[in-house]
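Undergrad: If you scroll down you'll find the structure; I have some questions about it.
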Amino acid sequence: MKRVLLSLALFSQLAVASPHLAAVDADVFAPSLAAKAQSLDIAGAEPFGQQTFAVRDKGQPLGVLVPGKGLLRVDMNACFIGWSRDGKTLANLTPTIGFGQFKGEACEDVTSIGVISQKDDGELKIAVIYTATTLVQTSLVAVVLAYDPQAHAFVVDNALTKRVNSADIDSVPKIRLFYAAHPGTVSIFDSKKYTARITRWCEEGNLSCDDVTLDSRSKLSGNSILLQGKTININCPDVCDFRGYVFENNNYSYSFINNDFASWTMEIFKGKQVIDSVQGKMR
């Protein structure tokens, strides 16, 4: 196969496979992919050449998605997504199968990749369909990626990923329909110590919502947590002023309180005792 060095300036010349994706030769990324995968303790990593795509949004080039696979343990392959901003070098890797909610599953293949969001949606979202195995079965599982324009990178939308797989939806067209019917409203909390994706799954316009998901990650340890919660409202039912969100996890609770919407406070409680409190911005 002829190796082609691609740059973002050449993206517009590629044949568009979908409104946002265009096929790219993955050979150029293979050496750096294998080297960077060692940071995830993955050996012998290589890209899925037929599932490597340049990504565009609103006519602008964003980068290249490079799905890869390698050996995490002697008897287990794991998968990840490489991301190149310039079409030449890899900026970062995002672990998928074999990690997080898919820990304990072995990755076999990538069957398809496609955009599930519409052009007017708040976030660009892409679904990656994997073949994964456990000790008892082989199945198709989906990982949903969301583009963060501030970080110029994709992150795993763990909340939507979990909902899609709980509904046994295993193809890009079906996920696109599911997402259109259950879009959710995403807010991102950012502070020095934590970043969190908060998704409201209630219909837009409802101040009170008992179906809210927290996908929070510590910037210090890298540990993450996925919880269900609800909005915090006061003066209900007369006025029902929105104040923030609260999420429960056994004896722990996580609250996000807005301060006149100029800034937000995240507090972590153990019982009734505050064990951490940080200020941040919500976008």
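The values are calculated or read from the model by the stated rules, or taken from the named source; none is laboratory data. Since the model is a prediction, treat every value here as computed from it, not as a measurement. In this analysis, Cβ positions are derived from the backbone assuming ideal geometry, glycine residues included, and neighbour counts consider all displayed protein chains. Note: areas computed on protein heavy atoms with side chains; ligands, DNA, RNA excluded. Shrake-Rupley method; radii C 1.70, N 1.55, O 1.52, S 1.80 Å.
Undergrad: Sequence gap at least 6, Cα distance under 8 Å: using those rules, report the relative contact order of the range 183-283 to the nearest whole percent.
TA: In percent, rounded to a whole number, it is 20.
Undergrad: Per the 1.4 Å probe, what fraction of the accessible area of the range 176-283, in percent, lies on carbon and sulfur atoms?
TA: C and S atoms contribute 49 percent here.
Undergrad: Keeping every protein chain present and rolling a 1.4 Å probe, give me the accessible area per residue for the chain in Å².
TA: 51 Å²
Undergrad: Additional query: Compare CYS209, CYS240 by solvent-accessible area with a 1.4 Å probe and give them largest first, with all protein chains kept in place. Provide the component values of the computation, followed by the final result.
TA: On the way: CYS209 0, CYS240 25 Å².
Largest accessible area first, the residues go CYS240, CYS209.
Undergrad: Highest mean first, what order results for 89-98, 228-237 on Cβ atoms within 10 Å?
TA: Going from most to least packed, we get 89-98, 228-237.
Undergrad: In µm²/s, what is D for the range 94-245 at 4 °C and 1.567 mPa s, where D = kT/(6 pi eta Rh) by Stokes-Einstein and Rh is the Kirkwood radius from Cα pairs?
TA: 78 µm²/s
Undergrad: Shifting gears a bit: Among residues other than LYS69 whose Cβ falls under 12 Å from its Cβ, what is the net charge (Lys/Arg +1, Asp/Glu -1)?
TA: After counting each charged neighbour, the total is -3.
Undergrad: Treating only the Cα positions of the chain as identical point scatterers, give the base-10 log of I(q)/I(0) from the Debye formula at each q in 0.10, 0.14 Å⁻¹.
TA: So the normalised log intensities are -0.57, -1.07.
Undergrad: Could you quote the convex hull projected area for the range 187-283, Cα atoms only and averaged over all directions, in nm²? Before the final figure, lay out the partial values.
TA: Values: hull surface 25.4 nm².
With every direction weighted equally, the projected area is 6.4 nm².
Undergrad: Just to check, using Stokes-Einstein with a Kirkwood Rh over alpha carbon pairs, what's the diffusion coefficient of the range 138-177 at 10 °C and 1.306 mPa s in µm²/s? If you can, show how the numbers build up before the last one.
TA: Values: Rh = 10.9 Å.
Stokes-Einstein gives a translational diffusion coefficient of 146 µm²/s.
Undergrad: In vacuum, with every alpha carbon of the range 68-136 counted as one equal point scatterer, what does the Debye formula give for log10 I(q)/I(0) at q = 0.14, 0.26, 0.29 Å⁻¹? Two decimals, please.
TA: At q = 0.14, 0.26, 0.29 Å⁻¹ the computed log10 ratios are -0.52, -1.17, -1.25.
Undergrad: Starting from the Cα of LYS162, draw a straight line to each of the lysines and keep only those under 19 Å, dropping any in the same chain fewer than 8 residues away.
TA: The qualifying lysines are LYS103, LYS125, LYS174, LYS230.
Undergrad: If the elastic network links every pair of Cα atoms under 10 Å, which of LEU21, LEU220, LEU33 fluctuates the most in the Gaussian network model of the chain?
TA: LEU220
Undergrad: Two decimals, Cα atoms only, Kirkwood Rh: what is Rg/Rh over the range 88-128?
TA: 1.05
Undergrad: Within 10 Å, count the other beta carbons around each residue, average over each peptide in 104-112, 62-70, 261-269, 125-133, and list them highest first.
TA: Numbers: 104-112: 18.2, 62-70: 24.6, 261-269: 15.4, 125-133: 22.3.
Ranking, from highest mean packing down: 62-70, 125-133, 104-112, 261-269.
Undergrad: Also: Which one of ILE116, ILE198, ILE257 has the biggest mean-square fluctuation once the chain is modelled by GNM with Cα springs under 10 Å?
TA: Highest fluctuation of the listed residues: ILE257.
Undergrad: Right, something else. Please list SER39, SER221 from largest to smallest accessible area, probe radius 1.4 Å, with all protein chains kept in place.
TA: Largest accessible area first, the residues go SER39, SER221.
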